[in-house]
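Report on the structure given below.
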Amino acid sequence: MTQGPPHKLVAGYRRFRSKSYPAERALYQSLSEGQKPHTLVIACSDSRVDPVHIFGAHPGDLFVVRNVANLVPQIDLDGGRHGVSAALEFAVERLAVEHVVVMGHGQCGGIEACAIGLDKLESQFLGPWLEPLQPARAEVIARVGEESLATVCDQMELLAVEHSVRRLHQFPFVTEAIKNRGMQLHGARFSIASGILEWMNADGVFVPVVP
């Protein structure tokens with residue numbers, strides 16, 4: 001049985017209606033006729049990492065899909081329900097976004113869970129969801145060892161983004177959009193502690209974006 005909305009949500013909505021909405025009323029009215037976002041952002045569900053705030057976006061600018069550890073899973077054509085794949089298809093095919101950004105972040109709980117070991121994770125759904133991170137974990141541990149969990153997590157956060165960007169190429173409509181209309185794929189990581197945004201170069205190296 002459902003209950004009324006939480007007090008904090010109602011208070012936030014009332015602030016929105018009294019301040020933000022009146023200032024952007026014309027924008028919302030125009031958006032009611034359709035959306036034309038320029039970028040799809042695949043981000044983590046983490047409550048501390050909001051792409052709209054980080055990129056200073058307005059309503060209608062970004063099409064955002066969020067999940068634990070900002071994953072793009074392997075393409076699966078067996079008829080399962082795949083939220084990321086559906087959002088990706090809609091953004092690329094219907095909305096014709098110009099960019100797709102996979103954005104990771106520091107102190108990611110999903111990354112840490114995989115770094116510690118999915119066999120130690122008591123979870124019905126989270127463990128299977130994080131399986132695509134296993135190759136990144138193996139590669140990082142082969143490179144730096146297992147002594148420092150912080151180091152493993154730091155490197156996995158970057159490599160997991162790179163792997164997800166690579167997996168985007170498995171979707172035929174993505175490669176067609178890149179070829180036919182110049183759509184671009186990107187990887188990034190946001191630091192919660194410092195506010196620094198790192199952007200992935202073509203060679204897989206992450207460099208800070210100049211503020």
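Condition first: under 14 Å from the mean Cα position of the chain (by Cα) and among the acidic types (Asp, Glu). Now tell me which residues in segment 155-197 satisfy that.
Matches in segment 155-197: 157, 162.
Looking only at helices (runs of 4 or more DSSP H) that fall completely inside segment 33-124, which ones have 1 or more residues that are surrounded by 14 or more Cβ atoms within 10 Å (Cβ to Cβ) and charged (D, E, K, R)? First the steps, then the outcome.
Numbers: elements: 51-54, 83-89, 109-116.
Once the helices (runs of 4 or more DSSP H) in segment 33-124 are filtered for at least 1 residues that are surrounded by 14 or more Cβ atoms within 10 Å (Cβ to Cβ) and charged (D, E, K, R), what remains is 83-89, 109-116.
Cβ-Cβ under 8 Å, sequence separation 6+ or interchain: first residue in segment 64-75 and farther than 19 Å from residue 107 by Cα, partner at pLDDT below 95 and assigned to a loop (DSSP other than H, G, I, E, B). Which pairs?
Pairs that qualify, where the first residue is farther than 19 Å from residue 107 by Cα and the partner is at pLDDT below 95 and assigned to a loop (DSSP other than H, G, I, E, B), are 73/82.
Among 57, 87, which is the only one that is of a type in the set (A, V, I, L, M, F, W, C) and in contact (Cβ under 8 Å) with a residue 24 or more places away in the chain?
Working: 57 fails: in contact (Cβ under 8 Å) with a residue 24 or more places away in the chain.
Being of a type in the set (A, V, I, L, M, F, W, C) and in contact (Cβ under 8 Å) with a residue 24 or more places away in the chain holds for just one of 57, 87, which is 87.
Residue 41 - would you say it is under 23 Å from residue 86 (Cβ atoms) and among the aliphatic types (A, V, I, L, M)? Reasoning before the result, please.
Values: under 23 Å from residue 86 (Cβ atoms): yes; among the aliphatic types (A, V, I, L, M): yes.
Spelling it out, residue 41 is indeed under 23 Å from residue 86 (Cβ atoms) and among the aliphatic types (A, V, I, L, M).
Of the residues 143, 166, 189, only one is open to solvent by 40 Å² or more (accessible area, probe 1.4 Å), farther than 16 Å from residue 84 by Cα and not hydrophobic (A, V, I, L, M, F, W, C); which? Show your work before the answer.
Numbers: 166 fails: farther than 16 Å from residue 84 by Cα; 189 fails: open to solvent by 40 Å² or more (accessible area, probe 1.4 Å).
Among 143, 166, 189, only 143 is open to solvent by 40 Å² or more (accessible area, probe 1.4 Å), farther than 16 Å from residue 84 by Cα and not hydrophobic (A, V, I, L, M, F, W, C).
For residue 113, which of the numbered conditions (1) among the aliphatic types (A, V, I, L, M); (2) in contact with a Cys (Cβ under 7 Å, 6 or more places away or on another chain); (3) over 26 Å from residue 202 (Cα atoms) fails to hold?
Looking at each condition in turn, residue 113 falls short on (2).
Of 182, 204, which residue is open to solvent by 30 Å² or more (accessible area, probe 1.4 Å) and at positive phi? Step through it out loud before you land on a result.
Working: 204 fails: open to solvent by 30 Å² or more (accessible area, probe 1.4 Å).
Every option except 182 fails the conditions.
Out of everything in segment 146-163 that is small (Gly, Ala, Ser) and in a helix (DSSP H, G or I), what residue ends up being least open to solvent (accessible area, probe 1.4 Å)?
So in segment 146-163, the residues small (Gly, Ala, Ser) come out as 148, 150, 160.
Filter once more, so that each one left must be in a helix (DSSP H, G or I): 150, 160.
On the way: 150: 74, 160: 5 Å².
Top of the filtered list is 160.
The values are calculated or read from the model by the stated rules, or taken from the named source; none is laboratory data. Just so we're clear, the structure is a prediction, and the values are computed from it rather than from any experiment. Note that each Cβ is placed from the backbone with ideal geometry, even for glycine, and that neighbours are counted across all protein chains shown. Quick note on the areas: whole protein, heavy atoms, side chains included, nothing else; ligands and nucleic acids left out. Shrake-Rupley method; radii C 1.70, N 1.55, O 1.52, S 1.80 Å.
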